[in-house]
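Peer 1: Have a look at the structure that comes next, please.
The values are calculated or read from the model by the stated rules, or taken from the named source; none is laboratory data. Since this is a predicted model, take the numbers as computed values, not measurements. No Cβ is skipped: glycine too gets one built from the backbone with ideal geometry, and neighbour counts run over all protein chains shown. Surface accessibility is based on the protein's heavy atoms, side chains included, excluding ligands, DNA and RNA. Shrake-Rupley method; radii C 1.70, N 1.55, O 1.52, S 1.80 Å.
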Amino acid sequence: KSMVSYTEHTITDLDTLIKDVQVSRARGYSIDNEEVEYGMKCIAAPIRDYRNMVIAAVSTSWDLSSMKEDVGERNIQLVTETARAISMRMGYRG
């Protein structure tokens with residue numbers, strides 16, 4: 001079964017997708033860099049429970065043209081800190 005390409009940035013190759021998931025897992029967050037819609041970027045991070053199981057995620061998306069500067073690094077920090085804080089409330093201690 002083939003994967004649908006929405007933009008030239010959409011990952012449509014299974015090996016590339018697997019590598020992207022591995023990188024995302026290792027760094028603790030994922031990035032959607034105009035993969036579905038041009039001009040939109042998204043950062044997401046997992047929320048874990050007391051068993052260290054991923055039970056949800058938190059994310060933010062923004063329109064690149066509405067920002068005067070690249071807010072990616074700031075949003076990575078905010079999303080990962082928020083995910084960790086929620087995880088701690090859910091009993092995660094990792």
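Peer 1: For the Cα atoms of the chain, what angle does the longest principal axis make with the long axis of helix 72-89, in degrees from 0 to 90, nearest 10?
Peer 2: Taking the Cα atoms of the chain, the angle to 72-89 is about 30 degrees.
Peer 1: State in Å² the accessible area per residue of the chain; use a 1.4 Å probe, count heavy atoms of protein chains only, and round to the nearest integer.
Peer 2: On the way: 6810 Å² over 94 residues.
Using a 1.4 Å probe on heavy atoms only, each residue of the chain averages 72 Å².
Peer 1: Tell me what the chain gives for mean residue ellipticity at 222 nm when only DSSP H runs of n ≥ 4 count, each as -39,500 (n - 2.57), the sum divided by the residue total, rounded to 500 deg cm²/dmol. Display every interim value, and only then the final one.
Peer 2: Values: 2 runs with 32 residues, N = 94.
Taken over the chain, the calculation gives -11500 deg cm²/dmol.
Peer 1: Identify the trypsin sites (Lys or Arg not before Pro) of the chain meeting these criteria: DSSP loop state and at most 11 other C-beta atoms within 10 Å of the C-beta. Each step should come with its number before you reach the end.
Peer 2: On the way: sites: Lys1, Lys19, Arg25, Arg27, Lys41, Arg48, Arg51, Lys68, Arg74, Arg84, Arg89, Arg93; in loops: Lys1, Arg51, Lys68, Arg93.
In loop regions of the chain (DSSP not H, G, I, E or B), the sparsely surrounded trypsin sites (Lys or Arg not before Pro) are Lys1, Arg51, Lys68, Arg93.
Peer 1: Further question: For the range 27-94, which GluC sites (Glu not before Pro) are in a loop by DSSP, counting at most 10 other Cβ atoms within 10 Å?
Peer 2: Hits after loop and neighbour filter: Glu69.
Peer 1: Turning to a different aspect of this structure: If the chain between Ala56 and Asp15 were fully stretched, how many nm would it gain, using 0.36 nm times the residue separation less the Cα-Cα distance? Can you show the working numbers first?
Peer 2: Details: separation 41, 0.36 × 41 = 14.76 nm, distance 2.49 nm.
So the extension gain works out to 12.3 nm.
Peer 1: Just the Cα atoms of the range 11-94: what Rg and Dmax do they give in Å?
Peer 2: Rg, Dmax (Cα atoms, Å): 14.0, 41.
Peer 1: How far is helix 14-27 tilted off the main Cα axis of the chain, in degrees rounded to 10, range 0 to 90?
Peer 2: Orientation of helix 14-27: about 40 degrees from the principal axis.
Peer 1: Also, I was wondering about something else. What is the sum of charges around Tyr38, taking Lys and Arg as +1, Asp and Glu as -1, for the other residues whose C-beta is under 11 Å from the C-beta of Tyr38?
Peer 2: On the way: positive: Lys41; negative: Glu8, Glu34, Glu35, Glu37, Asp63.
Once all neighbours under 11 Å are counted, the net charge is -4.
Peer 1: Please report the net charge: other residues with Cβ closer than 13 Å to the Cβ of Tyr92, K and R +1, D and E -1. Please list the in-between numbers first.
Peer 2: Values: positive: Arg48, Arg51, Arg84, Arg89, Arg93; negative: Asp49.
Within the 13 Å Cβ shell, the charges total +4.
Peer 1: Return the single residue from Ile55, Ile11, Ile76 with maximal mean-square fluctuation; model: Gaussian network over the chain, springs between Cα atoms under 10 Å.
Peer 2: Taking springs between Cα atoms under 10 Å, the residue moving most is Ile55.
Peer 1: Expressed as a whole percentage, what fraction of the accessible surface of the chain belongs to carbon and sulfur atoms when a 1.4 Å probe is rolled over the protein heavy atoms? Each step should come with its number before you reach the end.
Peer 2: Working: 3530 of 6810 Å².
Ligands and nucleic acids excluded, carbon and sulfur reach 52 percent.
Peer 1: Compute the distance from the alpha-carbon center of the range 41-68 to that of the range 19-39, in whole Å.
Peer 2: Comparing the Cα centres of the range 41-68 and the range 19-39, I get a distance of 10 Å.
Peer 1: I need the chymotrypsin sites (Phe, Trp or Tyr not before Pro) found in the range 1-83, filtered to DSSP loop residues with at most 15 other beta carbons within 10 Å of theirs. Write out the running numbers ahead of the final one.
Peer 2: Numbers: sites: Tyr6, Tyr29, Tyr38, Tyr50, Trp62; in loops: Tyr6, Tyr29, Tyr38, Tyr50.
Those that pass, being in a loop and sparsely packed, are Tyr6, Tyr38, Tyr50.
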